[in-house]
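Everything below concerns the one structure shown next.
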Amino acid sequence: MRFYLKQFILLLVVPTVFGQVQEEINPPEHIKSVILSGPTGDQFPVVQIGEPIYLEFDDISASESDYYYKLVHCDYDWTPSDLLKSQYLKGVDNQRIIDYGNSYTTLQPFSNYRLTIPNENVSLKVSGNYVLEIYDNSYELQFSRRFVVYKDLVKVGGTVKRSRDFNFLNEKQVVQFSVNAGNFQLVNPKKEVKVAIIQNYYWPSAIYNVPPQFTLGKELVYKYDKETSFFGGNEFLNFDTKDLRAPSSVISRIELKDLYNHYLFSDRFRVQEPYTYYPDINGDFVIRTLQGEDNSREAEYTRVHFSLPYDPLLNLDDVYVFGKYNNYALTDENKLSYNEENGMMEGDMIVKQGFYNYKYVLKREDGTVDLNAISGNFHFTENTYLILVYYRNFGDLYDSIIGVGSANARNISN
């Protein structure tokens with residue numbers, strides 16, 4: 001009886017704020033390694049209705065706390081839609097996550113939680129933007145993550161071009177694409193259709209509200225230059241801690257204290273260097289360990305140490321280690337501080353064993369974030385672009401997603 005009463009109170013106490021953009025909320029310090037993925041493994045699920053999404057996270061307090069999940073359907077601009085829960089969900093959310101277990105043979109104990117949607121309690125009825133929210137036993141929101149559900153009704157083809165803007169000839173990439181409606185009826189595409197373009201699944205830099213440049217029969221054509229351009233950035237740096245005791249080309253030494261401590265070789269400023277290609281996973285991370293068979297519950301947490309020489313380029317701006325490992329958040333934990341003894345910017349953070357992409361970013365005094373001041377911008381950089389096509393007919397209550405496309409800068413052309 002207490003369990004069902006608790007779910008009912010959760011439903012009443014934490015209402016969704018309608019009209020407010022549903023930003024992704026990052027978790028408190030004791031929740032780490034949040035992974036939300038689809039069948040392909042990408043950590044921003046883009047799935048068709050019926051396909052599963054998988055959530056996994058760790059609680060390093062290791063107290064086997066209770067966590068609950070909610071699902072919020074959103075419109076194109078990530079504000080909650082006008083749909084009732086019964087209109088976009090089959091079944092009931094506000095359920096407790098029951099798949100969890102404690103770590104074993106690890107120096108840092110933790111509880112690992114797993115959730116799959118759809119499950120026996122809930123599934124999704126309609127396409128569109130969704131937010132998955134996780135609450136604790138006190139009905140407080142711990143974190144949230146976005147994902148996308150679509151129907152494959154139109155075909156989307158995209159390419160990446162070099163910018164024709166002479167000022168950014170070597171720095172920017174332009175996404176050009178078309179939407180072929182085929183048998184799908186579009187009466188007024190300029191009113192009914194909207195698109196969103198996302199670089200490397202990083203939502204803060206997404207481009208919205210770009211109308212079709214022109215139409216060819218049932219094809220909507222977006223061949224802009226400036227309107228759909230992105231700074232290319234640079235390939236991410238990386239380190240791999242899957243083997244706890246093995247230094248590598250990027251790990252200078254390893255010390256065992258309360259946790260394993262991995263000291264990376266000092267990084268450098270790449271903004272003035274020529275572009276060099278080496279494979280990355282565009283900011284993402286993969287949990288893995290050679291010290292056990294279950295990556296989720298046998299992987300250790302290690303303390304990774306970063307360093308970057310101080311340069312006048314930094315001024316007095318704040319420097320952060322930036323990557324998907326903490327959903328690109330800028331927190332005290334991943335902030336570098338100046339070491340007067342050696343003239344280095346240094347920092348450390350606790351992450352789970354695995355392969356990680358990262359780079360350094362600057363937070364200016366006015367609060368803006370410069371993603372590429374340290375690593376530079378190059379039009380050659382390999383980036384993945386996601387193209388989402390939204391549709392709302394006259395009288396509809398929500399924005400559906402009728403097609404998804406992708407393009408990669410690996411095949412960039414003039």
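The values are calculated or read from the model by the stated rules, or taken from the named source; none is laboratory data. Everything numeric in this text was worked out from a predicted model, so none of it was measured. So basically every Cβ, Gly included, is an ideal-geometry build from the backbone, and we count neighbours across all protein chains shown. These area figures cover heavy atoms from the full protein model, side chains too; ligands, DNA and RNA do not enter into them. Shrake-Rupley method; radii C 1.70, N 1.55, O 1.52, S 1.80 Å.
Could you work out the Rg to Rh ratio of region 254-296, with Rh taken as the Kirkwood radius (inverse of the mean 1/r over all Cα pairs)? Please list the in-between numbers first.
Details: Rg = 15.7 Å, Rh = 14.5 Å.
Checking Rg against Rh, the ratio lands at 1.08.
Consider just the alpha-carbon atoms of region 223-301 and return their Rg together with their Dmax, both in angstrom.
Taking only Cα atoms of region 223-301, I get Rg and Dmax of 17.4, 56 Å.
Mind listing P(r) for region 272-333? All alpha-carbon pairs, 10 Å bins, whole percents.
Result, from short to long distances: 14, 33, 37, 12, 3 percent.
Once every Cα of region 227-266 carries one equal point scatterer and solvent is ignored, give the base-10 log of I(q)/I(0) from the Debye formula at q = 0.15, 0.17 Å⁻¹, two decimals.
The calculated log intensity ratios at q = 0.15, 0.17 Å⁻¹ are -0.47, -0.53.
For region 117-198, run through the GluC sites (Glu not before Pro) and keep only the ones in DSSP coil with at most 13 other Cβ atoms within 10 Å of their Cβ. Write down the numbers at each step before the final one.
Working: sites: Glu120, Glu133, Glu140, Glu171, Glu192; in loops: Glu120, Glu140, Glu171.
Those satisfying the criteria are Glu120, Glu140.
Specify the residue with the greatest mean-square fluctuation among Gly395, Gly50, Gly217, computed from a Gaussian network of the chain linking alpha-carbon atoms under 10 Å apart.
Gly395
Net charge near Glu23: determine it from the other residues with C-beta under 14 Å of the C-beta of Glu23, scoring Lys and Arg +1 and Asp and Glu -1.
Working: positive: Arg145, Arg146; negative: Glu24, Asp77, Glu133.
With Lys, Arg at +1 and Asp, Glu at -1, the net is -1.
What does the helix-only formula give at 222 nm for the chain: each DSSP H stretch with n ≥ 4 adding -39500 (n - 2.57), the total divided by the residues, and the result rounded to the nearest 500 deg cm²/dmol? Mind dumping the intermediate values first?
Numbers: 4 runs with 24 residues, N = 414.
One gets -1500 deg cm²/dmol as the mean residue ellipticity at 222 nm.
Per residue, how much accessible area does region 257-414 have with a 1.4 Å probe, in Å²? Mind dumping the intermediate values first?
Values: 7110 Å² over 158 residues.
Roughly 45 Å² per residue, with all protein chains present.
Students often check this: by mean Cβ neighbours within 10 Å, which of 235-242, 306-313 ranks highest, and how do the rest follow?
Details: 235-242: 20.1, 306-313: 14.8.
Top of the packing list down: 235-242, 306-313.
May I ask for the Rg/Rh ratio of region 104-213, computed from Cα atoms with Rh as the Kirkwood radius, given to two decimals?
Details: Rg = 20.5 Å, Rh = 18.7 Å.
Dividing the radius of gyration by the Kirkwood radius yields 1.10.
In terms of Cα to Cα distance under 28 Å, which lysines are near enough to Lys125, apart from those fewer than 8 places away along the same chain?
Result set, ordered by chain and number: Lys6, Lys70, Lys85, Lys90, Lys151, Lys155, Lys190, Lys191, Lys194, Lys218.
From the P(r) of the chain, can you give the percent of Cα pairs sitting at distances over 32 Å?
Working: 35703 of 85491 pairs.
In whole percent, the long-distance tail amounts to 42.
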